[in-house]
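The values are calculated or read from the model by the stated rules, or taken from the named source; none is laboratory data. Since this is a predicted model, take the numbers as computed values, not measurements. When we count neighbours, we look across all protein chains shown, and the Cβ atoms used for this are built from the backbone with ideal geometry, even at glycine. Note: areas computed on protein heavy atoms with side chains; ligands, DNA, RNA excluded. Shrake-Rupley method; radii C 1.70, N 1.55, O 1.52, S 1.80 Å.
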Amino acid sequence: MGWLGSVIVIILTCILGIVWYFVHLIAQGFTSQYKDEQDFVSDQLRGLLGVEDIQPSSYRPTVEPQYLSGIVDLIETSIGGLWLAQFLYMILLLFLFFLAVDIWFIDYPFSFMFNAIIGAITVMLFAYYVTTTNSKSLTRALIQSQFSKEESFGYMYSCGFAIASLLFSLLFGMYVLMYYFNVAVWGGNMKKQEYEKVSILMIGYLMGVILGGFVYREGISIMCRSLKTASFGLIRADLNLSVGNNNISQLTRLAYMVSQQAGNTIVNFLDTGFVLLFLCCAISQIVINSPEILDSENRSAFILGPIYLICIGYLGFIICYFLKTICADQETGSFASLNVRWQVIIAAVISFIVHVSFPFSFLVDKFTLKGENTKDIDFSGKSSMHACWCYLLGLIFNVFHISIFEWFTSHGCPNVRNMGLATSDRILPMNLIFSNYLGDLYSAIPTVLMFLLITIVYSIEGFAGLLFTASGYVSLFIIYGVIFFIGSNSSDSYKLTCFAHFISDVQGKIFQIYWETKNYMIFLKATNAGTAFLVSIGIIGAQLYQYPTALNSLFLQNEGFLGLFIGFSLIFVCRGINTWGIINVAKNYFIFQPSDEAEGKLNYLKDIRIIEFTKFKYTHSILYVAYNILFVTIMTLVFGSILGHAGSVAILIGACIAVLLIQYNGLIKGTTLENSRVYNEIQDNRKDQHYLMYVSGDTYACATEESNACPLIPYLIYIFCLLISCQKHFAKAVK
């Protein structure tokens, strides 16, 4: 009954998460009395915005609430208009993958593709609902802020918690459903051979999620980064985003707002989903090598262990939800940051209690991992408490890591402030040189800590311990996701107040939340990067157990050295193609010139040019995603076939090490430049004019942080899925 109890908990928690999201969606105010979003926003803002709140300007529209709601409606329509194109691109990508890869390199092409289609549909549903929630929440934070910062902060927290609930409920719910479906249809007696097929099919589900993510995440990412990069050339500071600025066309400002809305939440939340499913598939891969686990009646409980732990943690994090504003607003500048810190502390304590009280012996008390024609790795003398220690070490190191990342990149750090002041004083190269220095220096500390963690965990529980550690490392992702959403939503809402050029107490409250929470948005990104590396090393261990390749002799062969080089090269070329795509899309940004039409008039906002422009730029961006997918697929299949299993494992090792180094360096360098720009804006606003020097720094930040660091997670997982799914074909080709 033990395994059945864990499955029931998972199912009920996933249902709770989905219900929580839709209850929140209904509670946002989408009632039938409003014909559309524009009417709702106009009605809600009518009492909020008065003539005394509007900054005087010759461009001020006649009816401010209707004008502002028109802007919001146009932004939402522009983003929502991409849905059909994204769906068609996803269908095309799945079809091409089936023709070019699935039927030639994978042993179970049709069942593998069926799982991939389910995974792609899951991503499509999540992307649709997140985009809807994100766009609807653009003005709700402003409406709530008329009461207090607590109301606005609490509303954004509720949105973030609802999206995080939908993320794990939808992805995990479908994963569990497909797992039991594959076991029932293809599992047979669940011996090693049958279960190996089931584990490959679950990688098929992850492959579908990644392929869908290329369309719904990567296309949006390149489009939004290019729009931001080009727009910064004219929008020198947030206050210059307003309609009264004659240097910028209306279309440019709308494109900038579209890039803000579309590119923040969906990108980083999907990265989290990729990492979580990657962890689940890695555990399915490593248990193939343990006869004790495969023969145990608690086999499913062990395989679904990370999902079970996250579900139990989610029930505990509901406590965090009711304590979201534990620190009341005392009109201080640290209201939001205090609540964020308390959220992390409370969540860490809850996660600690869950890990300590979790009955690890209930899974499999003792087990061995036996490789093919290699020395057996025996853990029979280890107690189940070692798994618990691995979980706790992952949790503790995660808290240390995010604290280091936050301090090294926040605008409270003296080096970040100095960088901002240097660029403000017209020292053009200083921001680039300084950011490279900080990225190289500060990324060394979390990298050393990560390798220290791996060394400790491997000595305790081997490669299996790395997967237990990854579960603990990512256990706070729900709270980090909430914090990220608060920073993203407050940023978008603040820029909307600048767009509408009204200065009021509302704008001040939103800016304070944005200023404080922006530092903590790196929590989610750093956690995704670290977890992906831990899972990568664990799944490499599963490959070493499963095939006759010893780790200590891997690089004594030519295949090992060449594979390591290929793995490094794949990741660096992926980064280069992303950066190349952003530069080219930004160079063709043809709306720099101001419009001759009357700025700010309502009939001008009804122009559909921004909608068509967004579709065109998305199509342009998806072309570079196709270049990347094509390059990675061809190189992986060619060299996998040539080098065989030993070379494939070396490719995995090279790729995961390259991703760790690039991501940590890129996150620190890019986030430092972003936060120094925010600090610099405040300094510049105290002077007679706005300087142009920091524009290049923020443009560089867009390319560094988003193009070099974040997009590497889906490509890394794609390489792993491709090599593992085709491993038998590679082995046959070498023979």
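Remark: the ASP295-LEU92 segment gains 69.0 nm on full extension, using 0.36 nm per residue and subtracting the alpha carbon distance. The calculated pair-distance distribution of the stretch 462-538 uses every alpha carbon pair, bins of 10 angstrom beginning at 0, and gives 19, 34, 22, 15, 8, 2 percent. Take the Cβ atoms of PHE572 and ALA444, set R0 to 22 Å, and the FRET efficiency comes out at 0.70.
If you count, for each residue, the other Cβ atoms within 10 Å and average over each peptide, how do 72-81, 283-292 line up from highest to lowest? Please list the in-between numbers first.
Numbers: 72-81: 20.9, 283-292: 22.5.
Per-residue mean Cβ counts within 10 Å order the peptides as 283-292, 72-81.
At the residue level, PHE631 shows approximately 60 square angstrom of accessible surface with a 1.4 angstrom probe and all protein chains present.
Roughly speaking, what is the stretch gain from ILE396 to ILE353, that is 0.36 nm per residue apart minus the C-alpha to C-alpha distance, in nm to one decimal?
Values: separation 43, 0.36 × 43 = 15.48 nm, distance 1.28 nm.
Separation in residues times 0.36 nm, less the Cα-Cα distance, equals 14.2 nm.
Put simply, when 210-222, 406-418, 163-175 are sorted by average Cβ atoms within 10 angstrom per residue, most first, you get 210-222, 163-175, 406-418. Listed peptides 152-159, 99-106, 463-470, 534-541 appear in the order 463-470, 534-541, 152-159, 99-106 once ranked by packing, highest mean of other Cβ atoms within 10 Å at the front. Ligands, DNA and RNA are left out, and with a 1.4 angstrom probe the accessible area of the stretch 507-587 is 32 Å² per residue.
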